[in-house]
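Participant: One structure, as structure tokens, below. Some questions next.
The values are calculated or read from the model by the stated rules, or taken from the named source; none is laboratory data. Quantities reported herein were computed from a predicted structural model and do not represent experimental measurements. Because the Cβ atoms are built from the backbone with ideal geometry, glycine has one as well, and the counts that use them run over all protein chains shown. In case anyone asks, the SASA skips ligands and DNA or RNA and just uses the protein heavy atoms, side chains included. Shrake-Rupley method; radii C 1.70, N 1.55, O 1.52, S 1.80 Å.
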Amino acid sequence: MSSVLVAGGLRGIGKALVKQLRASGQHQVIATSRTARTWHQKDTGLIEANLDLAADQSIEHFAAKLFGQVQQLDWVINCAGVLHNEQFQPEKTFQHWTAERFEQSFRINCTGHLLLIKALAPLLLKSAHPLVASISARIGSIEDNQLGGWHAYRMSKAALNQGMKTLGIEWARKYPKARIMLLHPGTTDTDLSKPFQRNLPDGQLQSPEETAGMLLNQINQHLKQGSAGTVFIDYRGDVIPW
Ligand SMILES: NC(=O)c1ccc[n+]([C@@H]2O[C@H](COP(=O)([O-])OP(=O)(O)OC[C@H]3O[C@@H](n4cnc5c(N)ncnc54)[C@H](OP(=O)(O)O)[C@@H]3O)[C@@H](O)[C@H]2O)c1
């Protein structure tokens, strides 16, 4: 059985991924949330753990606990992300953009993610086939930016992409078996997209279950055929320009 960490695994896309990973019977899953207890064996094959990517100490505590509990980690799938919360909505114009909004988005969507990978790398790189799958967003593509708006989210996802691409170059030299993926999940019916679903064309909104199935398919295909370095692809496997 492989060990898979799904950060942000108790809500939205992450929750659907956890369900499908467990149903395959091939994975021991560790699912994190800010609302979970510190470390809790929920069920056979499922551990729930507390993790707040906005707090360095939470990442350190979680990593220390994980090192004490598992021999190795095979996959990290990070689904944690923020577009809006109680304090802010995504910016319609640059005049709405603020340092505070940007720093909060950046902290969760980029910095927290990279700190988590840094903390867990020694455990992950013990695996014969280590994988990091970061749920990014097409909107983080600089080349694909046709519409503008949503400045903080765009910038934080672009920075995440650059961070993982840079790590991918380093790992390709030292750990050629390691795989790094940046995945655009497609517009999915979760709390994150709820306020923005009104004007979507028919058929564009995926259920979390559909998205999870397609993302796992991309992960499994990449593990079979993919090369070292970092890929930025969508749920169908189409390459997204950086
Ligand atoms: N839905 C879409 O249409 C869409 C499109 C493109 C990209 N994405 C990306 O897909 C990923 C999953 O989003 P979703 O649609 O499933 O959204 P969601 O239902 O709103 O879930 C957001 C997740 O992020 C976690 N999270 C938020 N702040 C966190 C923090 N400080 N520390 C740790 N975890 C934190 C939440 O965990 P807790 O609240 O349980 O702690 C939750 O699991 C995100 O990275 C998002 O940017 C989504």
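Participant: Springs between alpha-carbon atoms under 10 Å, Gaussian network over the chain: tell me which of 81, 226, 203 tops the mean-square fluctuations.
Facilitator: Sorting by GNM fluctuation, first place goes to 203.
Participant: Now for a separate question. Return the carbon/sulfur percentage of the accessible area of the range 2-234, one whole number, probe 1.4 Å, all protein chains in place. Walk me through the intermediate numbers first.
Facilitator: On the way: 5870 of 11580 Å².
The nonpolar share, carbon plus sulfur, comes to 51 percent.
Participant: Hey, got a sec? Which chymotrypsin sites (Phe, Trp or Tyr not before Pro) in the range 73-110 land in a DSSP loop and have at most 10 other Cβ atoms within 10 Å?
Facilitator: Qualifying residues, ordered by number: none.
Participant: OK, next. So in the chain, what percent of DSSP beta bridges are antiparallel if you round to the nearest 5? Mind dumping the intermediate values first?
Facilitator: Working: 5 of 34 bridges.
Of the beta bridges lying entirely in the chain, close to 15 percent run antiparallel.
Participant: Using DSSP to define loop residues, name the trypsin sites (Lys or Arg not before Pro) in the range 1-64 whose beta-carbon has at most 15 other beta-carbon atoms within 10 Å.
Facilitator: Working: sites: 11, 15, 19, 22, 34, 37, 42; in loops: 11, 34, 37.
Hits after loop and neighbour filter: 34, 37.
Participant: A further question on this structure: Based on alpha-carbon centroids, what's the gap between the range 181-217 and the range 1-74 in Å, whole number please?
Facilitator: Going from one Cα centre to the other spans 22 Å.
Participant: Hey, any idea what the orientation-averaged projected area of the convex hull of the range 100-242's Cα atoms comes to, in nm²?
Facilitator: 9.1
Participant: At most 16 other Cβ atoms within 10 Å plus a DSSP loop assignment makes a site exposed; report the longest stretch of the chain without any exposed GluC sites (Glu not before Pro). Can you show the working numbers first?
Facilitator: On the way: sites that count: 86, 143.
That gives 144-242 as the longest site-free run.
Participant: Which one, 213, 68, 140, has the greatest fluctuation when you compute a Gaussian network model over the chain with C-alpha springs under 10 angstrom?
Facilitator: With Cα springs under 10 Å in the chain, the top fluctuation among 213, 68, 140 is at 68.
Participant: May I ask which of 15/194; 65/157; 65/126 have a Cα-Cα span longer than 20 Å here?
Facilitator: Pairs exceeding 20 Å: 65/157.
Participant: Would you kindly state how much longer the chain becomes between residue 126 and residue 23 on full extension, computed as 0.36 nm times their sequence separation minus their alpha carbon distance, in nm to one decimal?
Facilitator: Here the answer is 34.6 nm.
Participant: Same structure, new question: Going toward the positive end of the dipole of the chain, with +1 on Lys and Arg Cβ and -1 on Asp and Glu Cβ, which of 239, 62, 51 do you reach last?
Facilitator: 62
Participant: Work out from phi, with θ = phi - 60° and the Karplus expression 6.51 cos²θ - 1.76 cosθ + 1.60, the ³J(HN,Hα) of each residue of the range 201-209, listed in order in whole Hz, and give x for Gly and Pro.
Facilitator: Karplus values, whole Hz, x for Gly and Pro: x, 3, x, 8, 8, 8, 7, x, 5.
Participant: Of 184, 84, 61, which is the most mobile in a GNM of the chain whose springs link Cα atoms less than 10 angstrom apart?
Facilitator: Maximum fluctuation in the GNM of the chain, among the listed residues, is at 61.
Participant: Sticking with this structure for a sec: Whole number in Å², please: accessible area per residue of the range 2-234, 1.4 Å probe, ligands, DNA and RNA not counted.
Facilitator: 50
Participant: Relative to the longest principal axis of the chain, what angle (0 to 90°, nearest 10) does the C-alpha long axis of helix 112-124 take?
Facilitator: Helix 112-124 sits at roughly 20 degrees to that axis.
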